[in-house]
């Protein structure tokens, strides 16, 4: 029951009705027996500054940030954590007695998902498909984990070169056209293969990146950050090839759990969070 002692958390975005975070976070809160509540709050683009001030005034201990405010919110915060600075986006804000700190928890969510499945990225040869906005947290996470090498396969190599140059001060990144012979050769060397593109996501479930599975090592770990559907065509092909696979559910739950840990110091149980996520997805269909 919500009382005057209940601590408030939430997520802001525009629109926000589709957000899965309330279902996921509240399931974890209930399972942990905590006197907290997590709500979705629509914030218009032109009202972002007022919303940030209002959330601080209302004593929100923390809140998530989603599209289109992940970059726009940064000037209204007092401090930006290193991960968020480098990625260029904030998805979680901690209110530390009026001092607002911006974080990006996608990095930990992405990495922890693999580690929980027994795969350690350190020292591995990684091949990432796509260099869009979602790729930046993945790239930074792989760099922090000290992968042996990182190659990015893309449709437009010239455009992706900007990403490689941006992260080049931390690690040499090779950009390859995914229709090239060099990309085909790189597939054979990959120990970790990641899809960060929207290819295969609902409603275009018949699409997938152009991967020649005959070149992929069946011992490779294959990760798709898409979670709708639960098994994309990309992951199905990987599983049939003998690879261990992981979808984006782990990353979504992981980033939410990490945000809550930053806000409260409490670790939410991931199983009820994942179950609530699946149930919410089913209701949206």
For region 152-227, please list each of the strands (runs of 3 or more DSSP E) lying entirely inside it that holds at least 2 residues being surrounded by fewer than 22 Cβ atoms within 10 Å (Cβ to Cβ) and touching a strand residue (DSSP E or B) at 6+ places or on another chain (Cβ under 9 Å).
173-177
Conditions (1) touching a helix residue (DSSP H, G or I) at 6+ places or on another chain (Cβ under 9 Å); (2) over 30 Å from residue 96 (Cβ atoms): number failed by residue 267
(2)
Which residues, taken from region 87-132, are in a loop (DSSP other than H, G, I, E, B) and touching a strand residue (DSSP E or B) at 6+ places or on another chain (Cβ under 7 Å)?
90, 91, 105, 117, 119, 121, 124, 130, 131
(1) closer than 25 Å to residue 126 by Cα; (2) touching a residue at least 24 places away in the same chain (Cβ under 8 Å): which one isn't true of residue 268, the others all being true?
(1)
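Which one of 235, 268, 277 is at pLDDT 95 or above, under 21 Å from the mean Cα position of the chain (by Cα) and not in a strand (DSSP E or B)?
Of the residues listed, the single one that is at pLDDT 95 or above, under 21 Å from the mean Cα position of the chain (by Cα) and not in a strand (DSSP E or B) is 235.
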Single match in 68, 42 (criterion: without any contact (Cβ under 8 Å) to a residue 40 or more places away in the chain and within 26 Å of residue 284 (Cβ to Cβ))
42
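The values are calculated or read from the model by the stated rules, or taken from the named source; none is laboratory data. Please read all numbers here as calculations on a predicted model, not as lab measurements. Reconstructed Cβ throughout: ideal geometry from the backbone, glycine too, with neighbour counts over all protein chains shown.
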